[in-house]
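Here is the structure we will look at.
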Amino acid sequence: MSEIEDSVMIEIKDLKKHFREVNAVDGVSIKIKKGELFSILGPNGAGKTTLVRMLTTVLTPTSGDAIIKGHSILKGKDEIVKIIGVCPQEITIYEVLRAEENVEFVASMHGISRKEAREKAKKLLEKFGIAGRKDWSKNFSGGMQRRLNLAMALVFDPEILFLDEPTAGLDPQARRLVWDFIQDLKKEDITIILMTHDMVEADSLSDRVAILDQGKVIALGTPTELKEKYGSDNVLEVSFFEQDDLEIAKKNLEQISFATNWKEISRKERNILLISFQGGLKILVQILQQGIINNINEVENMKFRQNSLEDVFLNLTGRRLRD
Amino acid sequence: MTLLDNKAIQISIKNLKDKLRHWQFLFFSLLLPIMFTVMFYFMLGNEEDPTGRTGFDYGFSGMIMYAVGIGTMNAAIMFAQDKKSGMLSRLDTMPTGRKNMFLGALISESLYLMLQILIMFIIGYAILGLYFVNPLALFIGFLITVVFGISSVGMGIMIASVSKTVEIANAFSLVVYMVLIFLSGSLMPFESPIVYFLPPYWAKQLFLQLTVMGDGFSDNLYSSSLIGQGAEAIPITLWGGFLIVCAFTIAFTLLGILLFQKKTKF
């Protein structure tokens with residue numbers, strides 16, 4: 001076993017994977033702590049799946065190494081596969097097996113006895129809302145299949161869980177269910193590596209985020225740190241029925257120290273004022289308290305658009321995550 | 001932990017469930033050979049030779065090899081499917097081990113082909129009343145067929161290794177299987193040196209001479225699938241033929257496993 005800090009569960013050291021002329025992963029180095037929910041955020045083709053395939057020992061790196069709980073991915077595959085659960089991006093289930101048969105099969109591959117596997121599968125499928133289905137998995141909806149895909153990765157209580165786009169293609173309700181479940185897992189001290197191109201998912205779930213682009217880590221930190229460092233200002237959007245009210249608000253803004261910038265726009269015959277500021281909700285409250293709407297007849301609508309990881313990616317690369 | 005908790009056994013149980021729940025698969029592997037058997041029975045079952053045996057008594061051994069040879073397609077499709085669906089990669093992230101995957105596949109395929117042979121035996125011997133020398137000869141014939149069936153599985157794994165999609169594996173294995181069955185003279189008599197390079201000929205000839213002709217392992221094999229006019233003894237005994245079947249099986253299985261490993265380990 002390599003000597004690593006106790007709290008570090010995964011240490012990725014200058015990991016590279018080249019496919020002919022393409023550098024799919026190009027010198028990634030990251031340390032992931034025990035119990036951390038670490039997201040790797042990047043657009044399609046950024047190298048996320050290649051990275052996870054190397055970390056899960058399916059793909060051999062061109063160079064570099066990763067140490068997972070003290071075991072090298074190059075030499076310690078047998079030990080690593082005992083502690084990792086993998087939920088791949090594609091739905092990989094046996095279609096003519098029932099949900100519990102799929103989960104029990106994975107459990108048996110981890111050396112769990114059939115009796116224990118049955119109990120675990122039952123509990124897990126109940127939690128995911130797919131218990132009691134007697135038909136084959138191929139008849140399930142896409143959302144149910146994806147939940148089954150995830151349940152299969154969890155049946156043996158892994159210490160490290162790799163989730164590759166776990167909510168891709170899910171409806172909002174099913175997505176919320178998976179997110180809640182991931183948050184529950186965090187409480188159980190499981191180290192979770194989440195690969196996603198969904199900025200809301202990364203932002204709301206992660207302890208830390210690495211932004212991957214063209215095989216390289218271009219930013220690393222907590223979502224708040226990244227947004228503060230690379231993001232845009234937050235924006236308060238206020239729309240007025242009357243142009244006069246907008247003019248009063250502009251005058252009021254001159255007295256408000258927190259607003260960094262503002263501009264007037266017209267959208268669908270509405271008078272809108274976009275107010276940019278740095279900081280979170282606390283600053284927003286202070287802007288409101290300092291009297292932005294003093295002497296105003298009526299406000300039609302008010303929206304708060306928070307600086308997101310999408311802005312971070314846009315500012316770093318000049319592209320959107322979904323481009 | 002019991003034997004049933006063993007990973008290879010669990011894989012084989014999963015494979016068997018997978019097979020038995022696909023009606024297309026059941027049609028091709030069980031129903032089609034039965035249909036051919038009944039059809040050939042009505043075509044050849046009335047032509048008796050001086051010993052009282054019908055043309056179909058001689059031809060049935062080839063029908064059995066035809067049924068079991070479908071293992072080539074079964075294995076090709078199964079392995080290609082696991083490769084393409086990502087299930088193989090997923091299994092690689094578990095403490096399963098390729099050893100257990102191959103062992104599980106061999107167990108399930110062997111059990112399934114035993115089921116195929118038993119069904120063919122029931123149709124042929126119990127229902128259609130075909131001739132056989134004695135139960136012991138039939139049992140030895142059964143074992144030879146199982147060994148040949150495993151060689152078909154090995155061939156299927158080889159095809160899966162080089163096939164990029166399930167559809168290609170399906171088409172490629174069908175072509176290989178048909179060529180093997182027809183060029184080996186299993187379904188129709190085919191007098192050509194080519195037959196000696198193909199495993200179905202040896203398995204079929206052993207089965208035929210043991211169960212219908214009543215030959216022993218020290219007797220010589222014949223060149224023809226239908227013993228009679230034009231059939232000539234070749235300088236290889238049934239023992240020798242059995243060793244050749246075993247050699248094909250070992251070679252195909254090992255080659256299949258090695259090729260699959262080479263093509264799927266990155």
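The values are calculated or read from the model by the stated rules, or taken from the named source; none is laboratory data. Owing to the predicted nature of the structure, the values given are computational and were not obtained by experimental measurement. So basically every Cβ, Gly included, is an ideal-geometry build from the backbone, and we count neighbours across all protein chains shown. Keep in mind that these areas ignore ligands, DNA and RNA; they rest on the heavy atoms of the full protein, side chains included. Shrake-Rupley method; radii C 1.70, N 1.55, O 1.52, S 1.80 Å.
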Ordering of A:200-206, B:198-204, A:213-219, A:283-289 by packing [mean C-beta count within 10 Å, highest first]
B:198-204, A:200-206, A:213-219, A:283-289
Please name which of A:G231, A:M195, A:L273 has its Cα lying farthest along the dipole of region A:178-283 towards the positive end, using unit charges on Cβ (Lys, Arg +1; Asp, Glu -1) and the Cα centre as origin.
A:G231
Region A:223-253 versus region A:5-70: alpha-carbon centroid distance in Å:
39 Å
On a 28 Å Cα-Cα criterion, which of the cross-link pairs A:K16/A:K127; A:K75/B:K99; A:K115/B:K83; A:K187/B:K7; A:K48/A:K123; A:K187/B:K14 come out too long?
A:K16/A:K127; A:K115/B:K83; A:K187/B:K7; A:K48/A:K123; A:K187/B:K14
Answer in debye to the nearest 20: the dipole magnitude of region A:232-306 about its Cα centre, from +1 Lys/Arg and -1 Asp/Glu charges placed on Cβ, is 340 debye
Percent antiparallel among DSSP beta bridges confined to chain A, nearest 5, equals 70 percent
Relative packing of B:153-166, A:9-22, which averages over residues the other C-beta atoms within 10 Å, highest first:
B:153-166, A:9-22
Given a 1.4 Å probe and the protein chains all in place, what does the accessible area of B:K265 round to, in Å² to the nearest 10?
100 Å²
How would A:K187, A:K48, A:K122 rank on accessible area, largest to smallest, probe 1.4 Å?
A:K187, A:K122, A:K48
Listed highest first by mean packing, meaning other Cβ atoms within 10 Å per residue, what order do A:99-110, A:125-136 come in?
A:99-110, A:125-136
Compute, for region B:49-207, the length of the dipole vector about the Cα centre, with Cβ point charges of +1 (Lys, Arg) and -1 (Asp, Glu) only. Units Debye, rounded to 20.
440 debye
If you take the charge dipole of region A:3-228 about its Cα centre, with +1 on Lys and Arg Cβ and -1 on Asp and Glu Cβ, which of A:A117, A:M152, A:G76 is farthest toward its positive end?
A:A117
Helix B:98-121 versus the longest principal axis of chain B: what angle, 0 to 90°, nearest 10, using Cα atoms?
30 degrees
Quick one: how many Å² of A:S257 are accessible to a 1.4 Å probe, rounded to 10?
90 Å²
Using only Cα atoms, tell me the angle between helix B:55-69 and the longest principal axis of chain B; keep it within 0 to 90° and round to the nearest 10.
10 degrees
With every protein chain left in place and a probe of 1.4 Å, what is the accessible surface of A:V155, to the nearest 10 Å²?
0 Å²
Kindly compute the accessible surface that chains A and B hide from a 1.4 Å probe when together, both sides summed, and give it to the nearest 100 Å².
2600 Å²
Rounded to a whole number, the mean other protein chain Cβ count within 10 angstrom for residues of B:82-91 is 5
How big, on average over all directions, is the shadow cast by the Cα convex hull of chain B, in nm²?
14.6 nm²
Compute the signed sum of charges (Lys and Arg +1, Asp and Glu -1) over the other residues within less than 14 Å, Cβ to Cβ, of A:A131.
+3
Listed residue (B:A67, B:T2, B:S108) projecting farthest to the positive dipole end of region B:1-134, Cβ model
B:T2
At 222 nm, what helix-only mean residue ellipticity would the protein assembly as shown give, in deg cm²/dmol to the nearest 500, using -39500 (n - 2.57) for each DSSP H run of four or more?
-15500 deg cm²/dmol
I want to verify the translational diffusion coefficient of the protein assembly as shown in µm²/s; compute it with Stokes-Einstein, Rh as the Kirkwood radius over Cα pairs, at 20 °C and 1.002 mPa s.
76 µm²/s
Given charges at beta-carbon only (K, R positive; D, E negative), |dipole| of chain A in Debye
900 debye
What is the mean number of Cβ atoms from other protein chains located within 10 Å of the Cβ atom of each residue in peptide B:21-33, rounded to a whole number?
1
Residue-averaged beta-carbon neighbours from other chains (10 angstrom radius) around A:109-115
5
Percent antiparallel among DSSP beta bridges confined to the protein assembly as shown, rounded to 5, stands at 70 percent
Given axes a ≥ b ≥ c from the Cα gyration tensor, I'd like to know whether region B:142-194 is rounded (a/c under 1.5), prolate (a/b larger than b/c) or oblate.
oblate
